[in-house]
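J.: Can you read through this structure? Questions will come right after.
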Amino acid sequence: ASDFVLSGTVSNYLPRFFGQDVRLQGRLQLQSEQLDLDDWLQEEEGNASDGSEDRFAYHLPDRVAFDVRADIGRIGVAQFKAQNVNGRLRLQDKKMKLDRLEMDALNGRMVVMGEVEAVREELCRVRIDAEMADIDINQTFKTFDQLAAFALVEENLFGAFSGNLHISGDMNQYLDLDPGSVLSYGDISLNNGRLVNFEPLEGLAGFVKLEDLRDIQFSDVSTSYRIEATYFY
């Protein structure tokens with residue numbers, strides 16, 4: 001379901017092909033109208049389990065130095081979709097660095113920076129820093145299941161949020177993130193907020209009409225948060 005044009009130069013290819021211990025270097029430009037990453041990460045048919053050879057295994061190569069600039073119309077992976085994606089990716093010796101990847105996503109605008117570094121063959125350390133503007137918070141919860149599990153209001157909270165966040169953690173070669181390793185913090189503001197059909201508020205029905213609690217609209221909210229050792233602060 002993808003199309004792409006890849007142009008540029010690769011050096012030391014022939015020595016590397018013939019087994020010489022040299023660093024493969026390249027400068028590339030990637031252009032695509034649509035890039036569906038699920039096609040690349042899809043498990044093969046069958047009941048694959050952790051450690052199974054049937055699963056896609058992700059590895060960062062050694063002795064490489066690549067600089068890739070990308071301009072992508074639409075990109076998708078799992079439930080996440082984005083448009084007008086452009087940025088720069090640098091891969092060098094088992095470390096992948098993302099320089100200012102800009103995109104339209106979740107009805108807003110995002111700028112993402114980060115890196116993935118191979119600590120061991122089966123373990124990578126991931127760091128992401130993002131700046132966001134006018135992101136649909138309800139759509140975000142539905143897109144990122146792990147975030148929704150922390151927030152407890154994934155079906156009830158609506159509005160657009162802006163701000164900045166940091167996320168880091170450990171990920172195995174099957175792209176599974178260890179929840180216990182996740183560290184995240186940031187400052188966010190929520191505009192045009194609504195809390196709809198939030199069951200814990202029904203306990204206040206003795207003080208106000210229950211109908212008044214079913215759709216609560218509130219003014220703009222600014223706050224900070226932190227996720228560490230599976231706790232949400």
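The values are calculated or read from the model by the stated rules, or taken from the named source; none is laboratory data. These figures come from a predicted structure and were not determined experimentally. Calculation scope for accessible area: heavy atoms of the full protein, side chains included, ligands and nucleic acids excluded. Shrake-Rupley method; radii C 1.70, N 1.55, O 1.52, S 1.80 Å.
J.: Determine the per residue accessible area of the stretch 75-233 with all protein chains present and a 1.4 angstrom probe, expressed in square angstrom.
T.: Solvent-accessible surface per residue comes out at 57 Å².
J.: Principal axis lengths of the chain from Cα atoms, whole Å, largest first?
T.: For the chain, the Cα spread along each principal axis is 79, 35, 33 Å.
J.: Next up: So who's got an amide H within less than 5 Å of the one on Tyr174, skipping anything under 5 residues away but keeping other chains? H placed 1.01 Å off N, in plane.
T.: Residues meeting the criterion, in which the H sits 1.01 Å from N, are Tyr58.
J.: Under a 5 Å amide H to amide H cut-off, with H placed in plane at 1.01 Å, what residues pair with Ser2 once short-range neighbours are removed?
T.: Here the answer is Asp36, since their amide H atoms fall under 5 Å of that of Ser2.
J.: Using amide H atoms built 1.01 Å from N in the peptide plane, name the residues 5+ places from Arg63, or on other chains, whose amide H lies under 5 Å from its own.
T.: For Arg63, whose amide H was placed from the backbone, the distant partners under 5 Å are Asp93, Lys94.
J.: Mind checking the full-extension length gain between Ser11 and Arg109? Use 0.36 nm per residue of separation minus the Cα-Cα distance, one decimal, nm.
T.: Between Ser11 and Arg109, full extension yields 31.7 nm more.
J.: Next up: Relative contact order of the stretch 67-221: what whole-number percent is it, with Cα pairs under 8 angstrom and at least 6 residues apart?
T.: Across the stretch 67-221, relative contact order equals 14 percent.
J.: Build a GNM of the chain with springs between Cα atoms under 10 Å: which of Gly159, Gly73, Gly180 gets the top mean-square fluctuation?
T.: Comparing Gly159, Gly73, Gly180 in the GNM, the peak value goes to Gly180.
J.: A further question on this structure: Could you work out what % of the accessible surface of the stretch 79-233 is carbon and sulfur, using a 1.4 angstrom probe and leaving DNA, RNA and ligands out of the count?
T.: 53
J.: A follow-up question, please. To make sure I understand the rule: partners must be lysines, Cα under 28 Å from the Cα of Lys142, and not fewer than 8 residues away in the same chain. Which ones qualify?
T.: Filter leaves Lys81, Lys97.
J.: For n ≥ 4 DSSP H runs only, could you compute -39500 (n - 2.57) per run for the chain, divide by its residues and tell me the 222 nm figure to the nearest 500?
T.: -2500 deg cm²/dmol
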